[in-house]
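Reading through the structure tokens given below for one structure.
Read-outs throughout are calculated quantities, based only on the coordinates presented, and are distinct from any laboratory measurement. Please read all numbers here as calculations on a predicted model, not as lab measurements. Note that each Cβ is placed from the backbone with ideal geometry, even for glycine, and that neighbours are counted across all protein chains shown.
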Amino acid sequence: MNAHLKQIHPLSWTIIIGTIFGRIAISMSIPFLSIYLIRSMGATPAETGIVVAASSLIGVFASFYGGYVSDVIGRKKVLFIAIFGWVLVFAGFAFANKVWIFFIMNALNGLCRATFEPTSRALLADITPKESKLLVFNLRYAAINIGVVIGPLLGLQAGASDSNSVFLIAAAVYACYGICLVVQFRRYPELGQANQANEQRLGLIEALKATGRNRTFMLVLIGMIFCVLGYGHFDSTLAQYMEMSPRIEEGVRWFSYLISLNAVVVLVIQYPLVRFAARFAPALPIIAGNLFTGASLVLFGMFDTLPLLMLGVVIFTIGEVLVFTATDVLVDRIAEPELRGAYFGMFGFNNLGAVLAPLLGGFLLEGLGVASSQLIFALLGLTTFAGIPFLYLAHRSMQRLELARVKREGQPFISS
């Protein structure tokens with residue numbers, strides 16, 4: 001472990017530590033957006049769902065382009081554009097006073113995330129030795145959850161559900177994060193530059209076709225859309241339900257507790273669960289995680305007390321860890337090195353699930369009413385389970401590819 005830690009580049013540490021503070025800023029503001037729009041802006045659940053979905057909708061279409069552009073013009077330029085763009089976006093949130101302005105700001109938020117996330121992950125993959133990549137990606141995931149432990153509690157204390165001024169804090173945090181990246185790139189100017197050695201670089205359409213032709217990758221991507229669909233209901237549908245349900249008196253407070261519990265459980269179980277899951281073929285933990293996530297959604301519709309909701313969050317979090325801890329390594333394994341940014345960007349299309357989650361949840365809550373919570377969350381669980389067949393086909397496809405490889409190399413094949 002210590003040897004792998006020493007191999008982590010200082011720029012990688014900047015991204016990992018910056019992720020902690022960035023996620024604190026985001027999770028003290030964005031998760032409360034649904035509640036703020038309903039409580040303070042008078043928005044309906046359907047309108048709220050549309051505003052929340054705007055971020056992911058833009059992300060779906062922008063992530064591939066953002067990852068591809070980072071392959072062409074360099075990671076550094078794309079990171080700077082995204083992170084300082086975020087500063088302006090959060091400032092815009094702070095001064096928004098109409099629902100349509102929140103829609104525009106959240107769409108721009110999705111654009112920044114869709115360019116920053118695949119580019120930062122591709123940069124981590126670029127500068128990290130192969131044997132340390134799993135550690136680096138899991139440190140990044142742990143950093144996300146450290147931020148999510150702290151952020152909601154700060155947001156609750158700052159009154160994020162009643163005031164949008166908390167977004168000014170987020171703007172300041174991202175300004176500091178951006179300045180730190182500027183300093184690090186000055187220290188290591190050779191990093192994050194465009195790869196000029198590849199004169200045969202594919203154009204945007206060719207890169208899109210190249211990733212789309214990879215059958216295993218596309219099966220994983222489709223399966224992950226359903227996983228993300230289930231995961232997306234936590235910040236959107238569950239938040240609205242807890243605010244609207246007459247059976248839950250302190251919905252905002254309880255929801256902030258559930259967000260922090262989710263992150264704490266991730267930190268506690270991530271290392272042992274990842275070690276256990278590493279024994280299996282990569283798609284199998286994702287399938288298991290899908291089952292846990294879908295089951296937890298069904299339970300959320302049945303529970304209306306804090307202890308039982310917390311139990312549902314534990315089950316949900318097990319599913320989250322199983323699904324998301326290995327995906328970056330899996331994409332890196334599938335991707336051709338010269339198209340790594342494009343693959344990470346293309347993988348952003350799994351955010352189609354995050355687009356559909358608030359829309360589906362918002363319309364079900366408005367159409368069926370919170371009194372039908374058991375039916376609503378059962379339907380949400382079933383749609384999550386729809387990803388299992390695609391993930392299983394991806395598993396079989398990876399097995400066949402591995403079998404063909406070891407036959408060429410004359411090595412024994414071990415099936416998981």
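Can you sort 130, 77 so the residue with the fewest Cβ neighbours within 10 Å comes first?
Ordered by Cβ neighbours within 10 Å, fewest first: 130, 77.
Quote to one decimal, in nm, the extra length available between residue 104 and residue 368 on full extension: 0.36 nm per residue of separation minus the C-alpha distance between them.
Taking residue 104 through residue 368 to full extension adds about 92.2 nm, to one decimal.
What do you get for the angle between helix 352-368 and the principal long axis of the chain? Use alpha-carbon atoms, 0 to 90 degrees, nearest ten.
20
Using the Karplus curve 6.51 cos²θ - 1.76 cosθ + 1.60 with θ = phi - 60°, what ³J(HN,Hα) values do you get for each residue of region 281-296, in whole Hz, with x for Gly and Pro?
In residue order, the calculated couplings are 4, x, 6, 5, x, 5, 4, 4, x, 4, 5, 5, 5, x, 5, 5 Hz.
Anyone know which of 281, 342, 94 comes out most mobile in the 10 Å Cα GNM of the chain?
With Cα springs under 10 Å in the chain, the top fluctuation among 281, 342, 94 is at 281.
Assuming R0 = 25 Å, can you tell me the calculated FRET efficiency for the pair residue 247 and residue 158, based on Cβ-Cβ distance, to the nearest 0.05?
0.40
Decide, for region 49-151, between rounded, prolate and oblate: order the square roots of the alpha carbon gyration tensor eigenvalues as a ≥ b ≥ c, take rounded if a/c falls under 1.5, and otherwise choose prolate if a/b is larger than b/c, else oblate.
prolate
Quick one: length gained pulling residue 186 to residue 271 fully straight, 0.36 nm per residue minus the C-alpha distance?
Difference between extended and current length: 27.2 nm.
Assign one of three labels to region 31-91, namely rounded, prolate or oblate, based on the Cα gyration tensor with a ≥ b ≥ c the square roots of its eigenvalues; rounded applies when a/c is under 1.5, prolate when it is not and a/b is larger than b/c, and oblate otherwise.
Verdict is oblate for region 31-91.
Would you mind ranking 117, 131, 366 by Cβ crowding within 10 Å, fewest neighbours first?
Ranked by crowding around the Cβ, least crowded first: 131, 366, 117.
Report ³J(HN,Hα) in whole Hz for each residue of region 267-277, in order, from the Karplus equation J = 6.51 cos²θ - 1.76 cosθ + 1.60 where θ = phi - 60°; Gly and Pro get x.
In residue order, the calculated couplings are 5, 6, 9, 4, 5, x, 6, 5, 4, 5, 5 Hz.
For region 219-338, what class follows from the C-alpha gyration tensor (a ≥ b ≥ c being the square roots of its eigenvalues): rounded when a/c is under 1.5, otherwise prolate if a/b is larger than b/c, else oblate?
Prolate, since a/c reaches 1.5 and a/b exceeds b/c.
Please determine, in degrees from 0 to 90 and to the nearest 10, the orientation of helix 99-127 with respect to the longest principal axis defined by the Cα atoms of the chain, where the helix direction is its Cα long axis.
Helix 99-127 sits roughly 30 degrees off the main axis of the chain.
What list do you get for 190, 320, 47 if you sort them by fewest beta carbons within 10 Å?
Ordered from fewest to most neighbouring Cβ atoms within 10 Å, 190, 320, 47 come out as 190, 47, 320.
Starting from 0.36 nm per residue, how many nanometres of slack lie between residue 280 and residue 336 once their C-alpha separation is accounted for?
Here the answer is 17.8 nm.
Ranking request for peptides 119-125, 266-272: highest mean number of other beta-carbon atoms within 10 Å first, then the rest in descending order.
Taking the mean over residues of other Cβ atoms within 10 Å, the ranking is 119-125, 266-272.
For the chain, with a Gaussian network of springs between Cα atoms less than 10 Å apart, report the residue from 312, 367, 294 with the top mean-square fluctuation.
For the chain, modelled as a Gaussian network with Cα springs under 10 Å, the answer is 367.
Could you tell me the relative contact order of the chain? Use alpha-carbon pairs under 8 Å, at least six residues apart, and round to a whole percent.
In percent, rounded to a whole number, it is 28.
If one computes the Cα centroid of region 237-252 and of region 102-168, what distance in Å separates the two points?
Cα centroid of region 237-252 versus Cα centroid of region 102-168: 25 Å apart.
Hey, what number do you get for the chain at 222 nm if only DSSP H runs of n ≥ 4 count, each worth -39500 (n - 2.57), divided across all residues, to the nearest 500?
-26000 deg cm²/dmol
What is the distance, in nm, between label points placed 7 Å from the Cα along the Cα-to-Cβ direction at residue 97 and at residue 209?
Result: 5.2 nm between the two label points.
Hey, what angle do you get for helix 10-27 against the long axis of the chain, alpha-carbon based, 0 to 90 degrees rounded to 10?
Tilt relative to the chain: about 20 degrees.
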